[in-house]
1. Does segment 27-42 include one or more residues that are at positive phi and touching a residue at least 24 places away in the same chain (Cβ under 8 Å)?
2. Name the residue, out of 43, 29, 75, 33, that is modelled with pLDDT under 95 and surrounded by 12 or more Cβ atoms within 10 Å (Cβ to Cβ).
């Protein structure tokens, strides 16, 4: 079998390539997206726990990190494996008792 890359991988005389198994990467490898939320009303660790719990229940959310600003607008950083609508994010934040101020990717 010969192909156009000319690297010698199909050359049987090259002993260093014998026994080499090439495993293709799956086509369905997920791409991680970062979403930044600005949330008002959070003042303590309990607030962080409540919001984190609600956000982690959303499909495609892999990780949630919250940077608390007890006197202002806190930031939630989400790692996701797919698209999430702003209305879904807003509903989760409101379910926890807080206000979603903005969403950015």
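1. Filtering segment 27-42 for residues at positive phi gives 41.
Right, trim to touching a residue at least 24 places away in the same chain (Cβ under 8 Å) and you get 41.
The answer is yes, given that some residue of segment 27-42 is at positive phi and touching a residue at least 24 places away in the same chain (Cβ under 8 Å).
2. Numbers: 43 fails: modelled with pLDDT under 95; 29 fails: surrounded by 12 or more Cβ atoms within 10 Å (Cβ to Cβ); 75 fails: modelled with pLDDT under 95.
Of the residues listed, the single one that is modelled with pLDDT under 95 and surrounded by 12 or more Cβ atoms within 10 Å (Cβ to Cβ) is 33.
The values are calculated or read from the model by the stated rules, or taken from the named source; none is laboratory data. No experiment lies behind these values; they were computed from the predicted model shown. Methodologically, a virtual Cβ is constructed for each residue, glycine included, from the backbone with ideal geometry; neighbour enumeration extends over all protein chains shown.
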